[in-house]
There are 2 protein chains.
Amino acid sequence: MTKFGKDPRPIVEIFCQAGQEALAASQAERVEAIYIGSMNPEEFTGESNIASQIAEALGLTGIPALRIETASSAGAAALQAGFQAIASGYYRRVLVLGGEKMTHLSTSATTRILAEVIDRQERQCGATMPALAAMITEKYRQKFRLSQSRLENMLCSVALKNHLNGSRNSLAQFQKAITRDAYLASKFVATPLRLYDCAPITDGAAALVLTSEKTDVRLAGIGQGTGPLSLRERDIFTSFPATRIAAARAYQMAETSPQGIDFAEVHDAFTPFEIITSEDLGFFPPGKGGEAAVEGKTALEGPLPINPSGGLKARGHPVGASGLAQVVEVTKRLRGQTRAKREFKRGLAQSTGGLGTNNFVTILERTDSRAVQSPAPPFLPPMSPAVPKKASSPAAMSDEGEIETFTILYVTPDGFLPPVALALIRDRNGRLLMAQGEDNVQLKIGREVYLRRMDEVYLFTVKSQLQKVQESLKRLLRRGAASPSKEESPAEKKL
Amino acid sequence: MTKFGKDPRPIVEIFCQAGQEALAASQAERVEAIYIGSMNPEEFTGESNIASQIAEALGLTGIPALRIETASSAGAAALQAGFQAIASGYYRRVLVLGGEKMTHLSTSATTRILAEVIDRQERQCGATMPALAAMITEKYRQKFRLSQSRLENMLCSVALKNHLNGSRNSLAQFQKAITRDAYLASKFVATPLRLYDCAPITDGAAALVLTSEKTDVRLAGIGQGTGPLSLRERDIFTSFPATRIAAARAYQMAETSPQGIDFAEVHDAFTPFEIITSEDLGFFPPGKGGEAAVEGKTALEGPLPINPSGGLKARGHPVGASGLAQVVEVTKRLRGQTRAKREFKRGLAQSTGGLGTNNFVTILERTDSRAVQSPAPPFLPPMSPAVPKKASSPAAMSDEGEIETFTILYVTPDGFLPPVALALIRDRNGRLLMAQGEDNVQLKIGREVYLRRMDEVYLFTVKSQLQKVQESLKRLLRRGAASPSKEESPAEKKL
């Protein structure tokens with residue numbers, strides 16, 4: 001791994017440092033192929049054909065090289081593809097790389113590029129990754145009946161823990177512990193998420209050599225799952241089914257369970273995602289992940305350390321590198337190459353692509369950790385449905401609905417003046433749609449709103465108490481007097 | 001395969017049509033994962049996270065989906081990754097997709113995006129893919145001592161053949177045969193390449209289902225190789241070593257040789273590349289591929305049909321789709337699903353990423369084509385060198401050199417006024433560098449030039465006869481009179 005943070009070198013050089021160090025550290029410095037994870041070097045750096053470039057810069061021209069991309073989990077995807085190539089017998093030893101260069105651009109440019117992973121309709125309303133993460137967090141708060149201060153305490157616990165862990169990691173972007181006061185003083189990016197709830201923008205690369213030979217650490221299980229892109233296509237907001245699918249396969253392949261995991265590196269691009277992920281991985285029951293963090297269960301000295309490296313939050317988040325950097329961190333810890341004196345037998349890495357749309361779970365273990373090394377039984381993953389269900393399109397909406405979840409966005413993409421109120425609205429027909437608030441007062445889950453469309457964007461206004469009373473009166477009157485066949489016009493409704 | 005050409009639908013819909021048709025055509029409509037090849041949907045369409053998007057649009061949310069990229073061979077790369085996943089036993093059945101959407105942008109914008117695969121220094125001089133292909137063609141002409149009209153005849157033969165073949169392919173972008181006169185009347189893009197030597201800009205997608213079960217066609221061999229990005233790092237200009245590496249592995253894995261191939265689809269992004277590739281694949285000796293095309297050996301009715309589908313030239317070239325579309329075409333032909341009555345047993349597909357920097361060779365065969373189906377022996381590909389050689393950087397140049405190869409570029413990228421003279425210059429120290437001509441007269445391989453640097457770009461001027469005589473005189477005089485320790489300044493040289 002390179003030192004994560006601001007790195008002035010060109011992206012190919014950053015990749016090369018990680019690659020050369022991994023080759024030098026492996027027992028034989030030769031590989032048959034290169035598998036590279038990178039999310040968007042084209043738009044971040046203007047470089048295309050990155051796989052060929054890296055092969056050439058490493059002095060390995062001739063050797064097959066390819067690039068894999070699954071949004072922000074690209075590093076984990078490269079590992080999976082490299083693993084499959086080795087497991088097939090096609091190659092015996094491959095170099096896996098993950099990297100990204102992002103800090104040279106403005107925050108708004110980076111935010112815009114990162115937001116391309118989001119559904120187009122939701123993007124058009126001004127939704128960014130932090131905005132959608134915030135809306136998921138608000139939904140989580142409501143579902144598990146957490147007060148605002150209780151939620152704040154949970155998120156703060158995760159941030160403090162990961163910064164403390166990062167202070168012990170010499171390759172982390174932030175190597176300073178932060179205080180509760182500093183957390184509380186940090187500005188809102190998108191309510192209820194503050195700056196200290198969001199992983200930073202980072203340059204960096206990670207690398208490892210995968211081999212078919214037996215070494216001290218083995219890849220015991222790996223799984224991948226996908227989930228809906230948009231919020232409006234989701235049935236569930238407080239869990240990422242893509243993680244659950246990936247975890248099921250990884251546990252089965254490794255013949256283990258959440259109880260068999262000693263520690264984990266998870267994708268805490270936002271502090272609430274560490275909490276949700278710790279539940280999706282089966283470490284804690286739904287709604288209990290935050291409490292576990294507050295109680296120190298996931299601290300470095302706790303029973304189940306989560307993100308002992310500092311996580312994306314403190315180690316930094318060069319998107320294409322993160323999924324692989326986690327695996328590098330897990331490997332180092334299994335080998336005892338960290339400052340911690342504790343011995344670990346089995347670790348897990350979980351990586352998230354987009355808003356939980358393309359997730360991976362990888363389980364690594366020391367090869368001396370089992371008395372008998374029985375080969376894993378063949379895993380039979382679920383097949384897709386024979387008749388795939390078509391994703392629904394954002395059809396015509398009714399002009400009223402209620403707030404499913406919301407956020408006030410303070411760091412906005414280019415073209416949007418902060419603050420922007422965003423809400424997922426459930427209309428009278430039960431359909432969901434992202435909409436921008438005409439003002440940002442009185443937002444609360446369940447509040448009734450009026451909806452109107454302007455070009456490609458839906459706008460909402462929260463109904464006042466007076467409006468609600470007027471509507472009830474009108475309905476009563478109509479029931480008594482008007483003919484039932486006569487439809488009320490939207491204009492009348494808003495009187 | 002979708003109908004290649006101009007397709008007004010969003011990229012995800014184009015992918016979906018190919019995917020749905022492949023699923024419907026396969027015996028069981030279920031798959032465990034989706035492998036997607038696409039070169040640059042981010043910059044062509046503004047869409048990121050394309051793998052998750054496609055899984056969702058296909059109604060296959062939950063199923064693992066990932067995107068592979070190796071520049072213009074991405075479709076073949078996705079096939080290779082999907083093959084390795086099946087061969088490893090990790091999956092039993094996967095959907096492989098390749099696609100791109102390009103026609104909605106201006107030609108200059110598309111040219112710019114495609115040119116990102118080129119080495120940065122060469123790009124800064126105004127080099128485009130056609131420009132570099134043209135320079136390779138000029139070098140080929142010189143190496144094999146072809147007159148301009150002989151070369152023209154060869155390129156024309158390839159263009160005419162592929163357009164004729166395309167006229168029989170209902171999914172091809174161009175379904176009209178062209179005449180020799182039309183070819184000769186078409187404008188130069190970059191001398192000696194005309195419009196009819198270059199594959200068009202295209203929208204389209206291709207798909208297939210890979211399964212571990214036995215079917216009528218099997219993937220018998222697949223190989224990948226890489227080569228230097230820039231022209232200046234090459235030792236050889238008239239062959240693509242990446243194709244030779246890929247072919248060696250594919251032949252060995254399929255236990256066959258060039259003689260065992262009945263027909264081939266090759267990457268004719270430029271007509272000369274079909275000729276060079278037919279040599280790299282071992283079908284014809286170096287320098288003989290053009291003659292073979294002129295003599296009709298590679299025609300549909302010839303002994304070794306090349307690009308019977310029309311190739312990239314006539315079928316069209318949606319970059320991420322082409323490598324997979326070739327394999328779809330080969331499969332159809334092996335199954336007898338084309339208009340041709342001839343029976344084929346074994347076909348080959350060759351795909352090129354960038355300027356021959358990331359190439360694939362795939363061999364497919366009918367499973368009834370062998371008496372005994374012996375399993376292929378384990379292939380042991382060459383390992384990378386233990387101490388990788390570092391790629392050299394474009395160091396300081398001497399201020400004189402000679403033309404290694406050149407072109408006059410008529411279709412230029414944004415910011416360059418046509419025509420632009422480009423030449424690869426070999427300086428006095430034997431190093432190569434791309435340079436822009438201050439005028440475009442007297443260009444010929446071997447001509448002596450002066451070099452000067454302006455910002456990031458090198459400029460060259462061809463020395464006149466008079467200048468050469470003056471220089472010889474000065475050298476003679478100096479040898480007689482001046483002290484040998486005194487260095488001549490560059491300024492003096494140019495007097």
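Tabulated data
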item: Residues within the stretch A:312-347 that are assigned to a strand (DSSP E or B) and out of contact with any Ser or Thr (no Cβ under 7 Å at 6 or more places or on another chain), tallied; result: 1
item: Filter result for B:Gly287 (in the same structural domain as B:Asp262 (by TED's automatic domain parsing), more than 16 Å from the chain's Cα centre (by Cα) and on the phi > 0 side of the Ramachandran plot); result: yes
item: Checking A:Arg244 against (1) among the basic types (Lys, Arg); (2) within 28 Å of A:Glu402 (Cα to Cα); (3) touching a Leu at 6+ places or on another chain (Cβ under 9 Å), the condition it does not meet; result: (2)
item: So A:Arg180, is it surrounded by fewer than 17 Cβ atoms within 10 Å (Cβ to Cβ), farther than 24 Å from A:Leu417 by Cα and either modelled with pLDDT of 95 or more or not acidic (Asp, Glu) (or both); result: yes
item: Matching strands (runs of 3 or more DSSP E) fully within the stretch B:393-495 where at least 3 residues are of a type in the set (D, E, K, R) and modelled with pLDDT of 85 or more; result: B:400-409, B:448-454
item: Condition check for A:Thr226: closer than 30 Å to A:Ala18 by Cα, hydroxyl-bearing (Ser, Thr, Tyr) and touching a Pro at 6+ places or on another chain (Cβ under 7 Å); result: yes
item: Failed item in (1) over 18 Å from the mean Cα position of the chain (by Cα); (2) among the aliphatic types (A, V, I, L, M); (3) farther than 30 Å from A:Ser149 by Cβ, with A:Ala349 passing the rest; result: (1)
item: Qualifying residues in the stretch A:16-49 (those that are closer than 23 Å to B:Ala71 by Cβ and free of Cβ contacts under 8 Å to residues at least 24 places away in the same chain) - the one surrounded by the fewest Cβ atoms within 10 Å (Cβ to Cβ); result: A:Gly46
item: Check on B:Val158, at pLDDT 95 or above, of a type in the set (A, V, I, L, M, F, W, C) and within 22 Å of the chain's Cα centre (by Cα); result: yes
item: All helices (runs of 4 or more DSSP H) inside the stretch A:180-297 with 3 or more residues being touching a residue at least 40 places away in the same chain (Cβ under 8 Å), within 14 Å of another protein chain (Cβ to nearest Cβ) and under 27 Å from B:Tyr91 (Cα atoms); result: A:241-253
item: Residues located in the stretch A:90-100, provided they are more than 20 Å from A:Ser322 (Cβ to Cβ) and either free of Cβ contacts under 8 Å to residues at least 24 places away in the same chain or of a type in the set (Asp, Glu) (or both); result: A:Tyr90
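Matching residues to (1) over 22 Å from the mean Cα position of the chain (by Cα); (2) touching a residue at least 24 places away in the same chain (Cβ under 8 Å):
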position: A:Ile14; (1), (2): yes, yes
position: A:Ala51; (1), (2): yes, no
position: A:Gln80; (1), (2): no, yes
position: A:Gln84; (1), (2): yes, no
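The values are calculated or read from the model by the stated rules, or taken from the named source; none is laboratory data. Just so it is clear, the structure is predicted and the values come from calculations on it, not from any experiment. Cβ sites come from the backbone with ideal geometry, for glycine too, and all protein chains shown count toward neighbours.
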